[in-house]
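Below is one structure; the comments refer to it alone.
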Amino acid sequence: MTDLQRCFNDVIARIQQAEHACNRQGDVQLLAVSKTKPDSMIREAYSLGQKHFGENYLQEALDKIAQLSDLTDLCWHFIGPIQSNKTRDIASHFHWVHSVDRLKIARRLSEQRPEGLPPLNICLQVNISGEASKSGITLAELPDLAREIASLPALKLRGLMAIPAPETDPSKQRAPFHTLATAFRQLNQESDLQMDTLSMGMTGDLEAAIYEGATMVRIGTALFGARNYL
Ligand SMILES: *Cc1c(COP(=O)(O)O)cnc(C)c1O
């Protein structure tokens, strides 16, 4: 067994245990966050059955997408901060964007999504810990922005994403996820948005996120090891 295979098995076991502990079964999707990792590792992960990969840095991601274009059923998720001069490439090469936090960016992604491609799947990033330095909208901004984004023709609003402030104490990890999940349910109840995705949980807090209803966990370090510098 290779190191990568062992890491995937461990992460999948963590996900299954957490699902089991809260009576959920097999409904949490694993997004493998491959930023700074070479395309050879993505290829190996693909050979283990992994199809969904997350990237933060556009140029690095575009290079890998080109290198791996023979794997036609890979699904690419952009999860990093978005500058408005980068939206065309994101709209052309990705299947999902998790880090949308401005209407201007959403409009550009919709306008620039090439014809013939299915709608770009969108998660709105919410700044759940209220940190000034982090990107993401406030909960107060969420309902209006969600409705506006859902009305854009080439986008499909799938749900919400958050990166809470780092917290190593497991007993304190659940609160921000609970806040996001509550906002998600409330918005779905009050609207006909029918969002189906809660993108939350990373290597250090995936269990807490799953207990609170995460449908997609974004895992880098536990799968691929510590990050290489670009
Ligand atoms: C890097 C990154 C991850 C993965 O974090 P790990 O702690 O390495 O699992 C998840 N989400 C986002 C938005 C990231 O930038």
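Observations
- Any hit, the range 201-217, residues being out of contact with any helix residue (DSSP H, G or I) (no Cβ under 8 Å at 6 or more places or on another chain), more than 18 Å from Phe53 (Cβ to Cβ), at pLDDT 95 or above and assigned to a helix (DSSP H, G or I): no
- For the range 218-228, taking the residues that are part of a loop (DSSP other than H, G, I, E, B), touching a residue at least 24 places away in the same chain (Cβ under 8 Å) and not basic (Lys, Arg), the one that is nearest to the ligand (Cβ to nearest atom) is identified as Gly220.
- Condition check for Leu117: out of contact with any Leu (no Cβ under 7 Å at 6 or more places or on another chain), under 29 Å from Asp144 (Cα atoms), more than 16 Å from the ligand (Cβ to nearest atom) and part of a loop (DSSP other than H, G, I, E, B): yes
- Residue within the range 109-116 that is under 17 Å from the mean Cα position of the chain (by Cα) and either over 21 Å from Ala183 (Cβ atoms) or among the aromatic types (Phe, Trp, Tyr) (or both) present: yes
- Hits in the range 147-183 (condition: among the polar types (S, T, N, Q) and either exposed (fewer than 14 other Cβ atoms within 10 Å of the Cβ) or out of contact with any strand residue (DSSP E or B) (no Cβ under 9 Å at 6 or more places or on another chain) (or both)): Ser151, Thr168, Ser171, Gln173, Thr182
Yes/no matrix, rows are residues, columns are (1) among the hydroxyl-bearing types (Ser, Thr, Tyr); (2) without any contact (Cβ under 8 Å) to a residue 24 or more places away in the chain:
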site	(1), (2)
Gln25	no, yes
Phe53	no, no
Tyr57	yes, no
Gln67	no, no
Thr72	yes, yes
His77	no, no
Pro81	no, no
Arg88	no, no
Ala91	no, no
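- Residue match in the range 160-171 (condition: in contact with a Gly (Cβ under 6 Å, 6 or more places away or on another chain) and either at pLDDT below 95 or not basic (Lys, Arg) (or both)): no
- The listed residue being more than 15 Å from the chain's Cα centre (by Cα) and within 20 Å of Trp96 (Cα to Cα), out of Gln186, Gln194: Gln194
- If you check Pro176, Pro170, Pro164 for being within 16 Å of the ligand (Cβ to nearest atom) and over 19 Å from Ser99 (Cβ atoms), only one passes: Pro170.
- In the condition set (1) under 23 Å from Met202 (Cβ atoms); (2) in contact with a strand residue (DSSP E or B) (Cβ under 8 Å, 6 or more places away or on another chain), Lys134 is compliant with all but (2).
- Filtered residue count, the range 96-106, keeping only those that are closer than 13 Å to Pro153 by Cα and out of contact with any Asp or Glu (no Cβ under 9 Å at 6 or more places or on another chain): 0
- Residue check, Gln194 away from the ligand (no atom under 16 Å from the Cβ), in a loop (DSSP other than H, G, I, E, B) and closer than 25 Å to Gln25 by Cβ: yes
- In the range 1-97, counting only helices (runs of 4 or more DSSP H) that sit wholly within it, the ones holding 1 or more residues that are within 16 Å of the ligand (Cβ to nearest atom) and within 24 Å of Leu124 (Cβ to Cβ) span 3-21, 58-67, 87-93.
The values are calculated or read from the model by the stated rules, or taken from the named source; none is laboratory data. Treat the numbers as computed from the prediction; the structure is a model and nothing was measured. Note that we place each Cβ from the backbone using ideal geometry, even for glycine, and neighbour counts take in every protein chain shown.
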